[in-house]
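Where a number appears in this text, it was derived from the coordinates with a stated rule and is not lab data. Note that this is a predicted model, so its numbers are computed, not measured. As a convention, Cβ positions derive from the backbone with ideal geometry for all residues, glycine included, and neighbour counts pool all protein chains shown.
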Amino acid sequence: MRRTAPASRRFVRELNALPRVRRAVPRLVRQLNVYTHGHHKAVVGQHAARTAENSAAFLLPHLTKGARVLDVGCGPGSITVGLARHVGPTGSVTAIDVVGGIVQEAAAAVRAAGLENTSCEVCSVNELPYAPGSFDVVYAHQTLQHLSDPVGALLEMRRVVRPGGLIAVRDADYSSMLGHPASPAIDEWRAIYREVCVRNGAEPDAGRHLVAWLLAAGLPLDAIQYGASVVVYAPGQEPWRGNWGTAWAERTRHSDFGKQALAYGVATAAQLERVACAWEGWAARPDALFYYVNGEALVRVPLDGSESGQGSESGQQPRDPAAAPDSTGTPVAGGAAGGAVGGAVGGAAGAARQAAAAASNQTRCAHCFVTFATPAELAHHEIHHCFPDDLEEVLRRFPVGARAVDTVSCRQLDVVGGASNPNKAHSSVSARDVRRGLVADFPISRLRLV
Ligand SMILES: C[S@@+](CC[C@H](N)C(=O)[O-])C[C@H]1O[C@@H](n2cnc3c(N)ncnc32)[C@H](O)[C@@H]1O
């Protein structure tokens, strides 16, 4: 069994040994996200079968003509194309992905669809090259699960969406992937896949973590609408059903997933071949079925006076808090019946909260710049989630050598240093992941000492 770490990981470990560069490493680690799937044609083919209708159904009712949309981790762009059609020629979609080759494929899909309201750009969600408040809607489909710092990504997504705009995220939960007939080899596939993700610092069960990540990114609970939907590969749904099995056979044999499983020593070549054959056998049986759950979260970013100011820089109009508009100006109905994600801003309660926030100039956290609906919420945030931009205080609370737990992913961490808010995000500590030997920044809001 081979146990050689990939070159990128060996590089990070070697860097970690050098005290002078240790501070720089957390940022580097975030940028070295290892994408578990890779962009083998079998992967891209599966992703290209996705549409806005089958992969963004929970968002579409809120996506109206004229909206400016950011599609994060666009892959081959098949969802992008549908989003662009929904917002129409007066709207726009910016599709981004960190891999140049797949951005070219997305651009080709956009051209083939004859869309002129869509641009495709290469960049990372960790460092979006857009001004605050540039978008009405930011969508990330099956992307957060691949990131070693999903909360950092959400902070960036929040930065570029305007107050009153929407953040939408949808991610699978690999533990929920089940099928018929029973197959020990397909169970083995699920276990191998999940372990490879963990080795990559990613979260294969991301769907169930979305709310926790959004809260860690400073979004208030009552602004989040969470749901789930199931992807089904059912008998009779050909070629959709069969392709799921044949693609996973090919992916297991030839894509980055299989290669990483071997490189990490998570599976042997014989195991992978058994898994690939099991998927082929599954695909060949017309009665075989499979399904999995996706978590879906839709967040209305809170409105507030100071952020409206940012919005006007990007051409936004001031908002009427009593009739908070949706992404293109359509009023969102308040109250339980009206509004899916209007809770934070819609209806009488929302208007009262907005009025309270407007009456106070102390709803914006001076440390991490997150704005809350009421001074009380800000006070709670300051006490429980945020700490001054003061390295001494960070280190007093999380002394070097302490053992901490990342409450989002339950990882055990050794604290190796402190960071004083270089990106104007939450204070963070540098911590070594006990199992994986990497050093990464973890926001204090996600940590508790053990
Ligand atoms: C599973 S694919 C999803 C593609 C598309 N959203 C879909 O659902 O078909 C995840 C995509 O996220 C991209 N990605 C990974 N890390 C990223 C990052 N830091 N910034 C932007 N995109 C990233 C990958 O290159 C990949 O194309």
Shape call, region 228-306: gyration tensor on alpha carbons, a/c limit 1.5: oblate
Exposure proxy order (Cβ contacts within 10 Å, fewest to most) of GLU203, GLU273: GLU273, GLU203
How big is D, in µm² s⁻¹, for region 172-317 by Stokes-Einstein at 37 °C and 0.692 mPa s if Rh is the Kirkwood radius over C-alpha pairs? 186
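To the nearest 0.05, what FRET efficiency results for VAL211 and ARG403 with a Förster distance of 25 Å applied to their C-beta separation? Write out the running numbers ahead of the final one.
Values: r = 26 Å, r/R0 = 1.04.
E(calc), rounded to 0.05, equals 0.45.
Decide, for region 35-114, between rounded, prolate and oblate: order the square roots of the alpha carbon gyration tensor eigenvalues as a ≥ b ≥ c, take rounded if a/c falls under 1.5, and otherwise choose prolate if a/b is larger than b/c, else oblate.
It comes out prolate by the Cα gyration axes.
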Mean separation of Cα contacts under 8 Å (6+ apart) over length of region 33-297, as relative contact order %: 21
Packing-wise, with mean Cβ within 10 Å as the measure, how do 183-196, 100-113 rank, highest first? 183-196, 100-113
Using +1 at the Cβ of each Lys and Arg and -1 at the Cβ of each Asp and Glu in region 33-181, identify which of GLY133, GLY88, GLN46 lies farthest towards the dipole's positive end. GLY88
Which far-off residues, 5 or more places away or on another chain, put their amide H under 5 Å from the one on GLY417, with H placed in the peptide plane? SER430
Take the Cβ-Cβ distance between ALA113 and LEU449 as r, set R0 to 60 Å, and report the resulting FRET efficiency rounded to the nearest 0.05. 0.70
Give, in nm to one decimal, the length gained when the segment between ASP414 and VAL99 is fully stretched (0.36 nm per residue of separation minus the Cα-Cα distance). 110.2 nm
Amide H to amide H under 5 Å from VAL93: which residues, 5+ apart in sequence or cross-chain, H placed 1.01 Å off N in plane? VAL69, THR118, SER119
What are the ³J(HN,Hα) couplings of region 209-219, residue after residue, when phi is run through the Karplus curve with 6.51, -1.76, 1.60 and θ = phi - 60°? Round to Hz, x for glycine and proline. 9, 4, 5, 4, 5, 5, 5, 5, 7, x, 7
How fast does region 33-297 diffuse by Stokes-Einstein, in µm²/s, taking the Kirkwood radius from C-alpha pairs at 25 °C and 0.890 mPa s? 130
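Can you sort CYS197, CYS410, CYS123 by how many other beta carbons sit within 10 Å, fewest first?
CYS410, CYS123, CYS197
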5 angstrom amide H check on LEU289, placed H, neighbours 5+ away: HIS180
